[in-house]
Structures are given as C-alpha cells and as structure tokens.
Amino acid sequence: MKTAMRPNAPTEAPAPQARLLLAERPRDPRQRLGRLGEAAAEAACERAGLKIVARRFRLRLGEIDLIAERGDLVVFVEVKTRRGTRYGSPAEAITPVKRQRMARAALAFLCRTGRLERRARFDVVEVFADGDHVQRVHHIEDAFRLDRDP
C-alpha cells in the first residue's frame, strides 16, 4: 500500500483550555506534552461533531491515538503535539511507516468491533503548546489516504 498526504482545507480552532488533573500528569515531560495534546485534540474532535469511542488504541502492529464516530463514519485520529515548528509541522512527522501501522491498527479495530463495513478516514490533529498551555489546535480532516499498490 502507498500512502499520501492529501492537501485540503483543514479546520482550525482556537486553543481549548485543556489541562490535566495532577493525578493524570505523567512525570516525563514528553508524555505530559503528549497527554495535553490528546486532551486538546479530543476537545477539537468533539467540537467538529465527532463522538470519541476509543483512546490510545494500541496493538503490537500499530497504535491510534483517538477513534471517533459520526453516523456511519469511523475516524482514526493521529495527534501530534509540538512546542514549535523548528523541525517542520507536526503533521509532517507522520511517516509512511507510521501511516501503515495506523492502517493495520485501524483494520484490527474495525474487525474486532464489527465495524468493517463502515466508512473510515484518517485525520491528524496538530497541537501547538507553550509549556503546559495549548496555544493552537489545527484539525486536518481526511489528512491522508491509503492506496493499493498497482
């Protein structure tokens, strides 16, 4: 399978006041940043009319940060949180290998939950943070597609 980023008109929302409770805060600063980003991304998805059905779905063959639904559509969401764009946009960090792993995990989720016949898409939520505060959230719907090799 080949994967390609799709340019589109992403939706951008003002930063929500996403804060983690002290009991939920991991000690590792990168994990704290990731959890903060996931909370902000979840809020952005809900504002977009999506209902979150799973968080941090992980298997040996891949992982998905958030899984949401709207009607018969299943949305697999990759959350990328960054403190800056020094190394490019957060979405640019999603490699073809990561997309393949997400696809495998998505297929497993659809099979395990009886949703195999439903429509599905892959979204990316970019979260820009400054310390423990979310500055901006950028939700890219249908960010990439999985195509079969010829």
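Roughly speaking, what % of Cα-Cα pairs in region 76-149 are separated by over 16 Å, rounded to a whole number? Cα-Cα pairs of region 76-149 separated by over 16 Å account for 55 percent. What fraction, in whole percent, of alpha-carbon pairs in region 8-147 exceed 27 Å separation? In whole percent, the share of Cα-Cα pairs in region 8-147 beyond 27 Å is 17. Exposure proxy ranking for HIS139, HIS133, based on other Cβ atoms within 10 angstrom of each Cβ and starting from the fewest, stands as HIS133, HIS139.
Once Rh is set to the Kirkwood radius over Cα pairs, what Stokes-Einstein translational diffusion coefficient, in µm²/s, holds for region 33-82 at a temperature of 10 °C and a viscosity of 1.306 mPa s? Don't jump to the answer; show the numbers that get you there.
Numbers: Rh = 11.1 Å.
Answer from the Stokes-Einstein relation: 143 µm²/s.
With a ≥ b ≥ c taken as the square roots of the eigenvalues of the C-alpha gyration tensor of region 37-115, please select rounded if a/c is under 1.5 and otherwise prolate if a/b is larger than b/c or oblate if it is not? It is oblate, given that a/c is not under 1.5 and a/b is not larger than b/c. Here the residues ILE52, ILE67, ILE94, ranked from fewest to most Cβ neighbours within 10 Å of their Cβ, fall in the order ILE52, ILE94, ILE67.
Counted by neighbouring Cβ atoms within 10 Å, the residues THR113, THR81 run from fewest to most as THR113, THR81.
Read the figures in this text as sums done on the coordinates, not as results from a lab. None of these values were measured; they are calculated from a predicted model. Virtual Cβ from ideal backbone geometry, glycine too; neighbours counted across all protein chains shown.
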